[in-house]
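**Q** Mind looking over this structure? Questions follow.
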Amino acid sequence: MTTLLPSTERALLRRLAIEQSHSRVPSMTAGIVRDGHPIWTGSRGLVSGRPPTSDTQYRVGSITKSFVATLVLRLRDEGRLNLEDKLDQHVPGTAIGDRSIARLLSHTSGLSAEPVGEWWERTPGGSADDLVAGVDQDAIRPRPRHGFHYSNTGFGILGELVGRLRGHSWYEALEQEVLLPLGLSRTTFGPESPHAQGWAVHPWADVLLSEPAEDGGAMAPAGQLWSTLDDMLRWARFVAGDTAEVLHPDTVAEMRAPGAVDDGDAWRVGFGLGLQLIRHQGRRLAGHSGSMPGFLATVMADPADTTGVVFMANATAGVSSALITDLLDLLEAHEPRIPDTWVPGPEVDPALLELTGQWYWGPSPYVLRILPDGLLDLVPWQGRGRASRFRRNDGGTWTGLDGYYAGEQLRFGRSAEGTVTHLDLNTFIFTRTPYDPDAPIPGGVTHWRSTP
């Protein structure tokens, strides 16, 4: 593990200790990963009379949903389904059969938060047939159909969808397709020693009540899994883009893209495709929190900073939602990144070099540069406007990867002599001078003058 300064380690441990003590949590463990390596882990409290380790299992609750979403996106990438498919195409017989799979993943299907019947988190789970039959008109909530409404039921249905398309259970698919390739050997369906017992802490006395840990049955995809700090730190790396080919990094980026907002005008918390999103102090975090009787957990990753943070606790309630971001803030305050030494990049195709420099979209100046990974970067000269990176395709075109031009085609217009004269970005014409009259600008160009 990369060594932090003693002052940094003390600050992180102190924050964890404050949380464990003030929130009266039987045990807690937390860790941070940066650039693919764990840089800090800490624990407080006791599990079976001993401090928890990074190999102690806790139930991770709704973090399970991000694993199920990964299975759904694998099916999409294989061509087995489309995210715009209606649910009826794969799991017929529900009242939300006309809603898309994407809306289930982003909690915008309008489905109820919980399934019919008893409090599912504290009782043995039922069958998939009963779950599907229970998604009737009474399970649809009277909200705008595009509105965000968190639904555990929806992920039970998605687990059933995975099972039907794979021909075996969602958890068997998870073991084969995700856990094994990522080396998550301590992420399991049920608890395996060493593991923590789940507790509820009395609100007005320092005494404990043991919590049940039932098999969720058809609702297991919404919150069943148990895991360890080591495994969850690896999962944070996955969310940040270190996918080990379980998914293409572009697909994980798609999962991190905002699809719904959970807190109205504040837009601090949102949801992508199976991933929760948080905006904090300029960071865009993605991951998931988890809550089951006796347990709380959260894993969040900052892809831009290749940093992830995890905490796990065996208490039903009480841990501050600020713990995750506080740990990141402490790391940034005590050990901010030192920029890498700049070195010249690899050889660049001379034909690309002639494309670089200043371009104009109408009167607005842009700059095109070559990135070290061979991508082209088109950005406004003064930082205001549409920016995108582009990846080369066969045949001389380039495809936008992000921003306004994500998925759009960039082509280079040339003169009869082969000189590049303009950029054609999905019909927008960029020229070397503002409104170059020699470029094919729609509407034509006359001349500049000093009076309107």
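Each reported figure results from applying straightforward, stated rules to the coordinates on display, with no laboratory input. Because the structure is a prediction, the values reported are computed rather than measured. Backbone-built Cβ (ideal geometry, glycine too); neighbour counts: all protein chains shown.
**Q** Pop a pseudo-label 7 angstrom from the Cα along the beta-carbon direction at both Ala266 and Gln176 and give the gap in nm to one decimal.
**A** Taking the simple label geometry, Ala266 and Gln176 are separated by 4.3 nm.
**Q** Then there is this: Using a ≥ b ≥ c from the Cα gyration tensor of the stretch 350-431 (square roots of the eigenvalues), is it rounded, prolate or oblate, where a/c under 1.5 gives rounded and otherwise the larger of a/b and b/c decides, a/b for prolate? Intermediate values should be presented prior to the final figure.
**A** Values: a/c = 1.37, a/b = 1.13, b/c = 1.21.
Rounded is the answer for the stretch 350-431, as its axis ratio a/c remains below 1.5.
**Q** Please identify the GluC sites (Glu not before Pro) of the stretch 1-100 that satisfy two criteria: DSSP loop assignment and at most 13 other Cβ atoms within 10 Å. Which are they? Walk me through the numbers on the way to the answer.
**A** Values: sites: Glu9, Glu19, Glu78, Glu84; in loops: Glu78, Glu84.
Passing sites in the stretch 1-100 are Glu78, Glu84.
**Q** Something else now. In debye, nearest 20: dipole of the chain around its Cα centre with unit charges on the Cβ of K, R (+) and D, E (-)? Intermediate results must be reported in sequence, preceding the final value.
**A** Working: 40 positive and 54 negative charges, 194 e Å.
Rounded to the nearest 20 debye, it is 940 debye.
**Q** At most 10 other C-beta atoms within 10 Å and a DSSP loop state: those are the exposed chymotrypsin sites (Phe, Trp or Tyr not before Pro) I care about. Give me the longest piece of the chain that has none. Could the numbers behind the result be given before it?
**A** Details: sites that count: Trp119, Trp204, Trp342, Trp448.
So the longest stretch without any such site is 205-341.
**Q** Counting other Cβ atoms within 10 Å of each Cβ, which GluC sites (Glu not before Pro) in the stretch 313-402 have at most 15 and sit in a DSSP loop?
**A** Values: sites: Glu332, Glu347, Glu354; in loops: Glu347, Glu354.
The qualifying sites are Glu347, Glu354.
**Q** Near the amide H of Met292, under 5 Å away, which other amide H atoms are found, from residues 5 or more places off or on another chain, if H is placed in the peptide plane?
**A** Under 5 Å from the amide H of Met292 lies no amide H from a residue far enough along the sequence or on another chain.
**Q** Just grab the label-to-label distance for Ala322 and Glu192, each label 7 Å out from Cα along the Cβ direction, in nm (one decimal).
**A** For Ala322 paired with Glu192, the spin-label model returns 3.9 nm.
**Q** Related question: Using a basic spin-label model with each label point 7 Å from the Cα along Cα→Cβ, how many nm lie between Asp130 and Val116?
**A** Result: 1.2 nm between the two label points.
**Q** Pick out, in residue order, every one of the trypsin sites (Lys or Arg not before Pro) in the stretch 359-445 that is DSSP loop and has at most 11 other C-beta atoms within 10 Å; say none if there are none. The partial results should precede the final answer.
**A** Values: sites: Arg369, Arg384, Arg386, Arg389, Arg391, Arg392, Arg411, Arg414, Arg432; in loops: Arg384, Arg386, Arg432.
Answer by residue number: Arg384.
**Q** Another one. Would you mind checking the stretch 289-310 for residues with the amide N under 18 Å from a putative spin-label position 7 Å along Cα→C-beta of His334?
**A** 307-310
**Q** While we're here: Be a star and scan the stretch 428-444 for residues whose amide nitrogen sits under 15 Å from the point 7 Å along the Cα-to-Cβ vector of Trp381.
**A** Label zone hits: 430-436.
**Q** Divide by every residue of the chain the summed helix terms, -39500 (n - 2.57) for each DSSP H run of at least 4, and state the resulting mean residue ellipticity at 222 nm, rounded to the nearest 500 deg cm²/dmol. Don't skip to the end; give the middle numbers.
**A** Details: 10 runs with 100 residues, N = 452.
So the helix-based figure for the chain works out to -6500 deg cm²/dmol.
**Q** Using Cβ counts within 10 Å as a stand-in for footprinting exposure, how do Lys86, Lys65 rank, fewest first? All intermediate terms of the calculation are to be shown ahead of the outcome.
**A** Values: Lys86 16, Lys65 27.
The order, fewest Cβ neighbours first, is Lys86, Lys65.
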